[in-house]
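Following: one structure in structure tokens, then a few remarks.
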Amino acid sequence: MKKLLLLSVLFLFINFIPAQLPCNVLVGYYQSSWGPYVPLSSVNNNYNVFCISFLEAGGSDGISDNNSVYNLNFYATNDGKLRQDIPVVQAQGKKVLMSIGGGTGSFKLNSPAEVTFLVNKVKTVIQTYGLDGIDVDLERPTYLSQNMGGTVSTPEAHITYVIDAVQQLLTWYKNAYGKKMILTLVPEVAYTTGGLSPYMSAVYGAAYLPIIETLKNDIDLLMIQLYNASGGNYALDGMVYNHGTPDFIISQTEAIIKGFACTNGKGVFSGISPSQIAVCLPASAGSADGYIGTAAVKMAMDYLRGTGPKPGMYTLKKAGGYPEIHGMATWSINNDLTTGYSYAANYATIFSSCLTTNITENEKSNTPLIYPNPANTQITIENISGVPLKIFNAVGQLVLEKTITNEKNSIDISHLTPGLYLIQTGNAVQKLMVD
């Protein structure tokens, strides 16, 4: 009976295996092809998600608004070292993604044939570098809103082609690796909360909103570029806020969480969970227009997460804010390095380890704490002793059994193959993902 119960639970888990991001994330865009080479393994340890930048399309005539998907290419200053570094940081529980597009490397999909080309190209890159997923960074109105005739529910064909390509990659990755591909999106303000603006929605068509709406259950992180919006943008209170201020960070983040009706008949965006949000800002004054200092960033994040007072004019619609916000992101790691990693240090003052947060004293006394998760060589189990521990694989086979005798126990799992497992401690059953 116990085995049947475990198999039933495993069946439910396997039907939807979530991507295994760290509990709180600091996402850094990593400039692979320009500037001095920075080894991934030497990057400040607060960074736990790397977006390699970029798999990009360059126009044959050098004009960034004339790019073709058939010109997609990835170049690293030190490709051999990068390939060696990726598994090193992955072994530390960090995730490595390939960012597709970028400011000058974006492209438009014009046909099913181009979708197929993109999917096959990305598959090859993922396999070559052993990546955990992709980041979609399509920019520029030429590629995202050329026709401007679509809505959130009925987008233009080139937008549906993007959705189709991502869905194909998600299916392929799950079948190939037995787990969900990590998917992040990093749209500009104009293509998202720009839907609140009569001007932006008319010019840019809020073109990312159909992608977000359709892929909502597959997106692990949405990281709106809260910069390079010099004209300011509307918020849910009907006011306009300028980038480079706490109000801009707070108002635009809440808008994408709660959702809104777009102007100019572009439709309704239903919003996204705060747990899927990483607030994306420039790492330094030279990174992008709209840089904001560390103290102001912390004030904005504290208010957003319900741990600090209102720092400006905008008042959150939700009292108590959004403590579930998953983390922060920045352009770029390389620029943060020039500041002595001030952005990473500021992140660490805002987000504490969630191994010890949101657990009541009663829960601590009754629920085993198992970490890291995912893991690959060893796990630690706390808050339980004197009970048997059993680990079952995805077909219900017992692969490890021992008795927990201490309040804190280190368990060797180096012999386990990557995949989903169940850990049974007494009457408690928890998931474990082995990388």
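The values are calculated or read from the model by the stated rules, or taken from the named source; none is laboratory data. What you see is a predicted model, and the numbers here were worked out from it, not measured in a lab. We place every Cβ from the backbone using ideal geometry, glycine too, and count neighbours over all the protein chains shown.
Restricting to the stretch 90-114, what's the tally of residues that are part of a helix (DSSP H, G or I) and either touching a Leu at 6+ places or on another chain (Cβ under 9 Å) or more than 18 Å from SER68 (Cα to Cα) (or both)? Spell out the reasoning first.
To start, the set of residues in the stretch 90-114 that are part of a helix (DSSP H, G or I) comprises 90, 112-114.
Filter again for either touching a Leu at 6+ places or on another chain (Cβ under 9 Å) or more than 18 Å from SER68 (Cα to Cα) (or both), leaving 90.
Matching residues across the stretch 90-114 total 1.
Return yes or no: is THR380 of a type in the set (Val, Ile, Thr), part of a loop (DSSP other than H, G, I, E, B) and in contact with a strand residue (DSSP E or B) (Cβ under 9 Å, 6 or more places away or on another chain)? So THR380 does not fit the description; no. Note on the stretch 90-125: among residues that are out of contact with any Ser or Thr (no Cβ under 8 Å at 6 or more places or on another chain) and at positive phi, the one that is surrounded by the most Cβ atoms within 10 Å (Cβ to Cβ) is GLY101.
Each row is one residue, and each column tells you yes or no for (1) within 20 Å of the chain's Cα centre (by Cα); (2) of a type in the set (A, V, I, L, M).
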position	(1), (2)
ILE100	yes, yes
SER111	no, no
THR128	no, no
LEU131	yes, yes
ASP137	yes, no
LEU144	no, yes
PRO155	no, no
HIS158	no, no
ALA176	no, yes
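Restricting attention to the stretch 152-166, does a residue exist that is more than 25 Å from CYS262 (Cα to Cα) and in the same structural domain as LEU215 (by TED's automatic domain parsing)? Yes, some residue in the stretch 152-166 is more than 25 Å from CYS262 (Cα to Cα) and in the same structural domain as LEU215 (by TED's automatic domain parsing).
One line per residue, one yes/no per condition, for (1) farther than 21 Å from CYS23 by Cα; (2) under 33 Å from the mean Cα position of the chain (by Cα); (3) hydrophobic (A, V, I, L, M, F, W, C); (4) surrounded by 18 or more Cβ atoms within 10 Å (Cβ to Cβ):
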site	(1), (2), (3), (4)
ILE370	no, yes, yes, yes
THR380	no, yes, no, no
LEU400	yes, yes, yes, no
ILE404	yes, no, yes, yes
GLU407	yes, no, no, no
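Among the residues of the stretch 178-196, those that are over 17 Å from the mean Cα position of the chain (by Cα) and either modelled with pLDDT of 95 or more or within 15 Å of PRO141 (Cα to Cα) (or both) comprise ALA190, TYR191, THR193, GLY194, GLY195, LEU196.
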